[in-house]
Amino acid sequence: MTYAIRSFRESDVASLADLTLAAIRHVGSHRYTPSQVDAWAARHPGPERFLDRASNGDAIFVTTDCEDIPVAYALLEYSERENGHLDMLYCHPNHTRKGLSDQLLTRAEEHAREAGLVRLFTEASELARSTFERAGYAVTKRRDFEIEGVAIHNFAMEKLIR
């Protein structure tokens, strides 16, 4: 299958919301308990959040299949407080293990460099940690926290991109 990376379009919102939930539910279950997956999925952004993020200047890179249907995406935040924060990286379960996340991280890094950023950072799930490590990110700490009373964790990671 042929894939392409392009910028976010308003028509992508439903697909991105659906693929986020599919990734959390199906891929997340490989490393997290059912209660952790349920708590994580309950926090998943609805379609309107993507419109809000794009209108605030955040960069959303979308990987599409040969029919221009979104199958993965990365969201890079731009704000005074969160410059360089890679907030989301999700791939639909039917399209994992094809290098799409690696390609999206490369595209986000290129974009960040063009914007003059020198550091990228994220909070990676147990599943995404190895993807970020392959891309040169280093774990700065494990983050243990609760969502709706359910203990869960992720990893604070960063990469210098001078």
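Among the trypsin sites (Lys or Arg not before Pro) within segment 53-142, which fall in a DSSP loop and have no more than 10 other Cβ atoms within 10 Å of their own Cβ?
81, 97
Across segment 151-161, computed HN-Hα scalar couplings (Karplus, 6.51 cos²θ - 1.76 cosθ + 1.60, θ = phi - 60°) run 5, 8, 8, 8, 10, 6, 9, 8, 8, 7, 10 Hz from first to last residue, x flagging Gly and Pro. Surface composition of the chain: carbon and sulfur atoms hold 46% of the protein heavy-atom accessible area at a 1.4 Å probe. Computed extension gain for residue 21 through residue 113, at 0.36 nm per residue and net of the alpha carbon distance, reaches 30.1 nm. Accessible area per residue, 1.4 Å probe, Å², for segment 59-107: what's the number? Value returned for segment 59-107: 45 Å² of accessible area per residue.
Close amide H pairs (under 5 Å, H built 1.01 Å from N) link residue 147 with 152, residues at least 5 positions away or on another chain. What does the extension gain come out to for residue 139 and residue 6, with contour length at 0.36 nm per residue minus their alpha carbon separation? Extending this stretch completely gives an extra 45.0 nm. For a quick check of understanding: with a 1.4 angstrom probe and all protein chains in place, what accessible area in square angstrom does residue 140 have, to the nearest ten? About 80 Å², rounded to the nearest 10. Here the Karplus curve 6.51 cos²θ - 1.76 cosθ + 1.60, taken at θ = phi - 60°, turns the phi angles of segment 135-148 into couplings of 7, x, 7, 10, 6, 9, 5, 7, 10, 9, 7, 10, 10, 6 Hz, with x standing for Gly and Pro.
Do you know the relative contact order of the chain, to the nearest whole percent, from alpha carbon pairs under 8 angstrom that are 6+ apart? Each step should come with its number before you reach the end.
Values: 278 pairs, mean separation 34.2, N = 162.
That works out to 21 percent.
Between amide H atoms placed 1.01 Å from N, distances below 5 Å from residue 71 occur with 63, 64, 65, all of them 5 or more places distant or on a separate chain.
Accessible area ranking (1.4 Å probe, heavy atoms, ligands and nucleic acids excluded), largest first, for 58, 18: 18, 58.
Here the translational diffusion coefficient of segment 86-162 follows from Stokes-Einstein with Rh set to the Kirkwood radius across Cα pairs; for 10 °C and 1.306 mPa s it amounts to 119 µm²/s. Here's how it looks for residue 78: its modeled amide H is under 5 Å from those of 58, 59, which are all 5 or more places away or on a different chain. Our summary of shape: the Cα atoms of the chain have principal axis extents of 39, 36, 29 Å, ordered from largest down, in whole angstrom. Using 0.36 nm per residue and subtracting the Cα-Cα separation, the extra length available between residue 66 and residue 30 on full extension is 10.2 nm.
The values are calculated or read from the model by the stated rules, or taken from the named source; none is laboratory data. Nothing here was measured: the structure is a model prediction, and the numbers come from that model. Ideal geometry is used to build each Cβ from the backbone, glycine not excepted, and the neighbour counts take in all protein chains shown. In case anyone asks, the SASA skips ligands and DNA or RNA and just uses the protein heavy atoms, side chains included. Shrake-Rupley method; radii C 1.70, N 1.55, O 1.52, S 1.80 Å.
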